[in-house]
Amino acid sequence: MLIKRTRGWEIPERETTPESAWSRRGVLSAGVAAAAAAALPAQAQAPTGGEDPSASLYPAMRNMRYRVDRELTDEKIATTYNNFYEFGTSKNIWQAAQRLPIRPWQVQIEGMVEQPRTVDIDDLLKAMKLEERVYRFRCVEAWAMTVPWTGFPLASLVEWCKPLSSAKYLQMETFQMPTVAPGQRATWYPWPYTEGLALDEATNELAFIATGIYGKPIPRQNGAPLRLVVPWKYGFKSVKSLVKFKFTDQRPKTFWLELGEREYGFWANVNPRVAHPRWSQASEELIGKNGQRVPSQLFNGYGDFVASLYENRQNERLWA
Ligand SMILES: Nc1nc2c(c(=O)[nH]1)N[C@H]1C(S)=C(S)[C@@H](COP(=O)(O)O)O[C@H]1N2
Ligand SMILES: [Mo]
């Protein structure tokens, strides 16, 4: 079927489906919603991993500015088909990931900021306004999902961190716990998993920190308790289980770039016309849809939001 591409903000609000999130958070009073959540403890929890002290923050209201012309991936598939090398190189790491302790969880803010600080995840969650966004997600391995993320714009976190005007990049780091994460005992990988964005990318409205998916706290296998989501870039940029945000004027080294400069660059924007050295990026498999493949899109379909970031970077290797 041919679908006319409509920019998210061109769709009038009244045409959009009133999601359960709207009624549950918007129409019910906070007290009633809290009581309802208390009556349904099983539903309020992540599918795996048990109690989460932030469970009552979910679901958050969906932001209808970000729309996709695809069905959501089944929650079961999005939470059992994962890339998380800290727990193994297969897609089937969700059980191994349950060993990750996600409380207490401290996040360090360092580098070129007015005041370096350490913040507890639950204090950070209180400081940020949560919303839900449905984004396409495109792995460099040519598979794709459509996930309802809950969290906050990375721009809000950047603002909260008060970077100095000299800062040009934001480096983000995953935990390092080789006793918990068997993959980190493989010493040939450059642990901890590190990623980075230029600061104008980090403050682009699409760049998101996810703390939940499918209206619940994010499960460990998907990057609890907080992970990056940059939907116009290949999935490996969307670094999981973050413990550090560092503002710097140096382009950060990144995990995949250190492993293979030829295959994985810093910018890693989706481009169907630029093949990976070992496979085509022209199309992608929709995970959980019986092997269905669809054409891939420049910037994963988000060019209206992000293409301008790269107009003055044409001399860079922008794709993969
Ligand atoms: N720390 C860490 N973050 C990571 C990865 C990883 O191995 N470790 N894999 C990346 C890759 S390649 C992809 S495709 C996505 C997968 O996210 P998902 O499992 O939630 O779909 O996470 C990214 N973030
Ligand atoms: Mo990926």
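Structure notes:
- Relative contact order %, the range 79-137, counting alpha carbon pairs below 8 Å whose residues are six or more apart: 18
- FRET E, pair GLN292, ARG103, Förster distance 25 Å, beta-carbon r, rounded to 0.05: 0.05
- Nitroxide proxy distance, nm - points 7 Å out along Cα→Cβ at LYS126 and ALA282: 5.5
- Computed E for TRP160/ASP304 - FRET, C-beta separation, R0 25 angstrom, nearest 0.05: 0.40
- Whole-percent carbon and sulfur share, accessible surface of the range 94-226, 1.4 Å: 53
- Length available on full extension from GLU311 to GLU71: 0.36 nm per residue minus the Cα-Cα distance, which gives 83.2 nm.
- When you filter the GluC sites (Glu not before Pro) in the range 278-320 for DSSP loop state and at most 16 other Cβ atoms inside 10 Å of their Cβ, you are left with GLU316.
- What the phi angles of the range 104-114 give under the Karplus curve with 6.51, -1.76 and 1.60, with θ = phi - 60°, is a coupling list of x, 9, 10, 10, 8, 10, 9, x, 7, 10, 4 Hz, glycine and proline written as x.
- For the range 72-132, the Cβ-based charge dipole about the Cα centre amounts to some 240 debye (Lys, Arg positive; Asp, Glu negative; other atoms uncharged).
The values are calculated or read from the model by the stated rules, or taken from the named source; none is laboratory data. The structure displayed is predicted, hence computed values, not measured ones. A quick note on method: Cβ atoms are made from the backbone with ideal geometry, for glycine too, and the neighbour counts reach across all protein chains shown. Please note that ligands, DNA and RNA were not included when accessible areas were found on the heavy atoms of the full protein model with its side chains. Shrake-Rupley method; radii C 1.70, N 1.55, O 1.52, S 1.80 Å.
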